[in-house]
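Report on the structure given below.
Rule-based calculations on the coordinates, nothing more; no lab input. The structure displayed is predicted, hence computed values, not measured ones. Virtual Cβ from ideal backbone geometry, glycine too; neighbours counted across all protein chains shown.
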Amino acid sequence: MQPSLMRYFVLINLLFLVAVMHSCRSSYSHLQPAEGNARVLDTFRPRFARVLYTTQVDVVGNHLSGFLLIKTMPDSSLRLVFSNEMGLKFFDFEFYRDGGFKVHHIIKKMDRKAVIKTLRNDFELVLMRGLDSSNVKIFSDDRLLYYRFAQKKGYNYYITSKDGSQLIRMERSSKRKPVAIAVMSNYTAKVPDTIGITHKNFNFEIGLKRTDN
């Protein structure tokens, strides 16, 4: 084999090795253990009594729009009902205070275990359910604090400014990288005006804008 060709194959192999090593590196490997108090997250936990959001959902090529009603029930469970402008329900979910979950209704197009599981996980992330202080580990980088809560699979991260005055974003992650990112902003009376959820591995986005304040 000619020397120039040999060098070419060596270079290709090195580039491939670097690419593999980079793809295997955790997005959280730069974080360092830190001190903090998970109770600061309670400042950002939404207090939904009865709130209505205009809603856009894009899932694998399908676009749905309408209104999402979030209502706290007498037993302290949360009911989420998503319907179009004509009142046709897309889904009706209930999140129980003890962590339970029930599907009261879902349209046939969305009635798939993977879709229901994804929606449940997404809303549990932004509803900030199950933030058990005994289940938290805290990390930091140069600018932010990362509050990590273990889930059945992966983790939920709640990421704040170093002084705890801002909730920057929320992440649902595997062991190595985020799979969904959520933001909440412009709180009024403990209720966010805007909520957005974006998935990293496939086309699934949810956008909420409060319409009843």
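Is it the case that segment 145-153 has a residue that's buried (at least 18 other Cβ atoms within 10 Å of the Cβ), among the small types (Gly, Ala, Ser) and touching a residue at least 12 places away in the same chain (Cβ under 8 Å)? No, that holds for no residue.
Within segment 90-112, does at least one residue satisfy the condition of being within 22 Å of ILE168 (Cα to Cα) and either of a type in the set (A, V, I, L, M, F, W, C) or in contact with a strand residue (DSSP E or B) (Cβ under 6 Å, 6 or more places away or on another chain) (or both)? No; the residues of segment 90-112 include none that is within 22 Å of ILE168 (Cα to Cα) and either of a type in the set (A, V, I, L, M, F, W, C) or in contact with a strand residue (DSSP E or B) (Cβ under 6 Å, 6 or more places away or on another chain) (or both).
Of all residues in segment 57-83, those satisfying the criterion of being more than 17 Å from ASP212 (Cβ to Cβ) and not hydroxyl-bearing (Ser, Thr, Tyr) are VAL57, ASP58, VAL59, VAL60, GLY61, ASN62, HIS63, LEU64, MET73, PRO74, ASP75. The residue that is surrounded by the fewest Cβ atoms within 10 Å (Cβ to Cβ), counting only those in segment 30-58 that are of a type in the set (A, V, I, L, M) and under 18 Å from PHE123 (Cα atoms), is ALA49.
The one condition from (1) surrounded by fewer than 18 Cβ atoms within 10 Å (Cβ to Cβ); (2) closer than 17 Å to ILE206 by Cα; (3) in contact (Cβ under 8 Å) with a residue 60 or more places away in the chain; (4) of a type in the set (A, V, I, L, M) that VAL126 does not meet is (1). The residues on offer are LEU78, LEU69, and the sole one that is without any contact (Cβ under 8 Å) to a residue 24 or more places away in the chain, surrounded by 15 or more Cβ atoms within 10 Å (Cβ to Cβ) and more than 20 Å from ARG172 (Cα to Cα) is LEU69. If you go through segment 110-130 one residue at a time, how many are within 19 Å of ARG97 (Cβ to Cβ) and β-branched (Val, Ile, Thr)? Qualifying residue count for the region: 1.
Residues in segment 133-143 that are assigned to a helix (DSSP H, G or I) and in contact (Cβ under 8 Å) with a residue 40 or more places away in the chain: SER133 alone.
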